[in-house]
Amino acid sequence: MRRRLFSRRQGAHVRWYLDARDYADVGGKREALLVPGEKLGTTDRKLAEVLAAQRLTELQVLRAKHSGRAVAGLPPETPLGAYAAQHLIRKKSSGTTTDGWLVNVERYLTRFVAFVGTDRDLTTIAVPDVERWASALRDAGLSGGTIRHALNSVSNLYRRAQSEALVPPGYNPVAAMTEKPTARRLEAQWMDAAEASLLLESARTLDRKRKDACGCVYPLLATLLLTGGRPAEVLGLEVADISFVRKLVTFRPNGWRRLKNATSHRSVPLWPQLKDVLGEYLATAPPARLLFPSYRTGAEAMIRDTRKLLDAVSIRCGYPEGEIHLYSFRHSFTAATLQLTDHGAPISPYTVGRFLGHGGAALVNRVYGHLGDVRHRSEQLEFRAAQHAEILGERLRVLQTDLALPVALPEGTTA
């Protein structure tokens, strides 16, 4: 049995400590013997003996309680706060989540821990606790979709706890809820072929004083619009992913970013319009690994923020500031691609789904498919302003006048 009580000299004082490592299974350790309200160990030997006896009694009670739970076949007590921190660390080390996702999960779990209590045992948190938390989030102004994400974060924590036998099998207060908030299902923002063509023409003729990202805004938006790639997928494309010989754009994981899932590793056609745009762009672009590199930090890196670029392009087309975002191009790609023909027959939604990196057509039919007024059947996907000059009318003329740069029109066509 090791010596329980020991002292250490700190400056002019001798302070007393307790060695309770014999009770490490219930939190015992080397710890300062503190008088309530004090931050440093006591200097009084007799008072230290009293405090040590009280602490040992607490640890003995905890051990007896834990022993009783073990005899009854119950899992050990697990404080929510400490376990939530471990859960986040293991999520990070697994390498299956992005830093942005972890930041959001940490925010949700921190709010949940603060609401129900840091020291609450996982098995004492029940459905009413979770329902009260969801109600508090709703009162704080959070949307149904955001609350659902918060609940899913807690549910994921309990799934890990089940796998580690820290709660009984099937114990999950979120999963046991009979009614959960859901996001409002509204049609996502998208542009028909004419609107997308006008936006692309605005990017082509854009003239900005800052030349850091301006040089790639046109090929970047063209790649987003003509591949349907997720924003991070396109921003993380490497030059080697573009094959002018095979006429393919390949989305594969690399050191810049990962892909969302297994079906995200795919190849999509390098349509003639995109081939011309990227060919001209790469002929003059400085050598780099990334197709659209950023050098803000001095070293080559992915572009992280495109909001100002998008606003500069979209405001010229009459859109309010902040209305157009990168995912609009993915939805617009899908709407236009659904109008293509494949060997003379209407293209299959399954094929479009594979272009998007999905395992089938379900998300195309439920989320990404949109029906616009412009329904042009063609073998090739393209967004050329000249083809929609009659529809765009004055907006295209204003865009021309704005920069005094003519839109390239086929012979015999007028804007």
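The values are calculated or read from the model by the stated rules, or taken from the named source; none is laboratory data. What you see is a predicted model, and the numbers here were worked out from it, not measured in a lab. With ideal geometry, Cβ positions are generated from the backbone for all residues, glycine too; neighbour counts draw on all protein chains shown.
Observations on the model:
- When residues of segment 354-387 are limited to those that are at pLDDT below 70 and assigned to a helix (DSSP H, G or I), the one surrounded by the fewest Cβ atoms within 10 Å (Cβ to Cβ): VAL367
- Residues of segment 253-290 that are within 27 Å of the chain's Cα centre (by Cα), among the β-branched types (Val, Ile, Thr) and modelled with pLDDT of 90 or more: VAL268 alone.
- Residue count for segment 1-32, restricted to those that are surrounded by fewer than 10 Cβ atoms within 10 Å (Cβ to Cβ) and within 16 Å of VAL50 (Cβ to Cβ): 0
- Residue satisfying all of: in segment 186-221; assigned to a loop (DSSP other than H, G, I, E, B) and among the acidic types (Asp, Glu); modelled with the lowest pLDDT among these: ASP212
- Test set (1) at pLDDT below 90; (2) closer than 29 Å to GLU323 by Cβ; (3) of a type outside the set (D, E, K, R); (4) out of contact with any strand residue (DSSP E or B) (no Cβ under 8 Å at 6 or more places or on another chain) - PRO169 fails condition number: (2)
- For ALA150, the test of being among the small types (Gly, Ala, Ser) and over 30 Å from HIS331 (Cα atoms) is failed.
- Counting residues in segment 283-306 that are within 26 Å of TRP190 (Cβ to Cβ), among the basic types (Lys, Arg), in the same structural domain as ARG354 (by TED's automatic domain parsing) and loosely packed, with under 15 Cβ neighbours inside 10 Å gives one or more.
- Filtering segment 230-244 for residues that are in the same structural domain as VAL364 (by TED's automatic domain parsing), within 22 Å of ASP342 (Cα to Cα) and either modelled with pLDDT of 95 or more or among the small types (Gly, Ala, Ser) (or both) leaves a non-empty set.
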